[in-house]
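These notes are about the structure you will find just below.
The values are calculated or read from the model by the stated rules, or taken from the named source; none is laboratory data. Please read all numbers here as calculations on a predicted model, not as lab measurements. Cβ placement follows ideal geometry from the backbone for every residue including glycine, while neighbour counts extend to all protein chains displayed.
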Amino acid sequence: MKDAIKNTIKILLVDDHAIVRAGFRMLLSVVDTLEVVAEAERGEAACQLYLEKQPDVTVLDLSMPGIGGLETLRRICLRDDKAKVLVFSVHDESVYVNRAIGAGAKGYITKSSAPHILVAAIHKIAGGGIYIEQGLLKDPSSTPGATDYRAIIGTLSAREFDIFLLLAKGLTAHKIAEELCLGYKTVANYGTQIKNKLNVASVAELAHIAMALGVMKG
């Protein structure tokens with residue numbers, strides 16, 4: 001019995017959709033070696049639960065309200081440099097994968113992947129390995145100038161990156177402030193910084209860059 005308990009992989013699920021977490025939990029519950037010990041719908045709660053539960057693997061979505069998935073990943077990895085985080089996201093573009101791995105993730109798979117991929121990824125990461133879903137690291141863009149933009153985007157903080165994407169999608173600063181639980185002036189300042197870094201003046205130009213990088217479809 002002790003060996004069985006010792007070999008069980010404790011998992012923290014982080015996703016803002018309750019129905020998605022329920023699906024993950026049901027899927028993982030049929031695997032004897034896996035146990036979901038906690039769930040969180042926001043990054044702030046996830047960071048606290050990580051400290052309390054000390055999971056072996058954290059399965060983390062990127063698109064969440066509050067501090068967002070990338071910032072959650074960064075904070076967890078800053079608090080524990082041995083943290084094993086698997087990003088499980090709808091985004092399959094290489095820029096997301098690169099940012100997640102750069103922030104400390106040990107794996108990245110998409111929500112469109114087969115159920116056995118999630119289980120395999122958790123086992124691989126729990127054992128000290130790295131798991132990137134096949135095909136995710138291919139460069140999706142050959143657009144002229146995309147390489148330069150990608151380099152600049154890589155220097156954005158997790159919060160700047162989130163706001164860059166929301167601005168590119170056409171959300172107003174007021175809407176972004178509401179979605180991310182930030183002050184309007186804070187969002188406006190971030191927007192100005194992002195435009196300055198990319199040397200653009202309009203939201204339309206941000207949208208163009210996002211499409212060139214493959215992080216937003218036209």
* Structure fact -> Selection from region 174-206 of residues touching a residue at least 40 places away in the same chain (Cβ under 8 Å) and under 10 Å from PHE164 (Cβ atoms) yields LYS197, LEU198, LEU206
* Asked: When only residues in region 32-72 that are in a loop (DSSP other than H, G, I, E, B) and loosely packed, with under 15 Cβ neighbours inside 10 Å count, which is nearest to the chain's Cα centre (by Cα)?
  -> PRO65
* With (1) at pLDDT below 90; (2) touching a helix residue (DSSP H, G or I) at 6+ places or on another chain (Cβ under 7 Å) as the list, and GLU205 as the residue in question, which single condition is left unmet? -> (2)
* **Pairs where the first residue, in region 16-36, is over 20 Å from THR72 (Cβ atoms) and in the same structural domain as GLU179 (by TED's automatic domain parsing) and the second is among the small types (Gly, Ala, Ser) and surrounded by fewer than 16 Cβ atoms within 10 Å (Cβ to Cβ), C-beta under 6 Å, 6+ apart** => none
* Structure fact -> When ALA120 is run through (1) aliphatic (A, V, I, L, M); (2) surrounded by fewer than 20 Cβ atoms within 10 Å (Cβ to Cβ); (3) within 26 Å of LEU180 (Cα to Cα); (4) at pLDDT 90 or above, the failure sits at (3)
* Asked: Any idea which of (1) at pLDDT below 90; (2) of a type outside the set (S, T, N, Q); (3) more than 19 Å from ALA151 (Cα to Cα) is the one TYR184 doesn't satisfy?
  -> (1)
* Could you run through region 90-117 and say how many residues are within 11 Å of the chain's Cα centre (by Cα), surrounded by 20 or more Cβ atoms within 10 Å (Cβ to Cβ) and free of Cβ contacts under 8 Å to residues at least 40 places away in the same chain? => 4
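Looking only at region 132-168, which residues are aromatic (Phe, Trp, Tyr) and either surrounded by fewer than 19 Cβ atoms within 10 Å (Cβ to Cβ) or modelled with pLDDT of 90 or more (or both)? Reasoning before the result, please.
In the first step, residues of region 132-168 are kept if they are aromatic (Phe, Trp, Tyr); the result is 149, 161, 164.
Those that are aromatic (Phe, Trp, Tyr) and either surrounded by fewer than 19 Cβ atoms within 10 Å (Cβ to Cβ) or modelled with pLDDT of 90 or more (or both): PHE161, PHE164.
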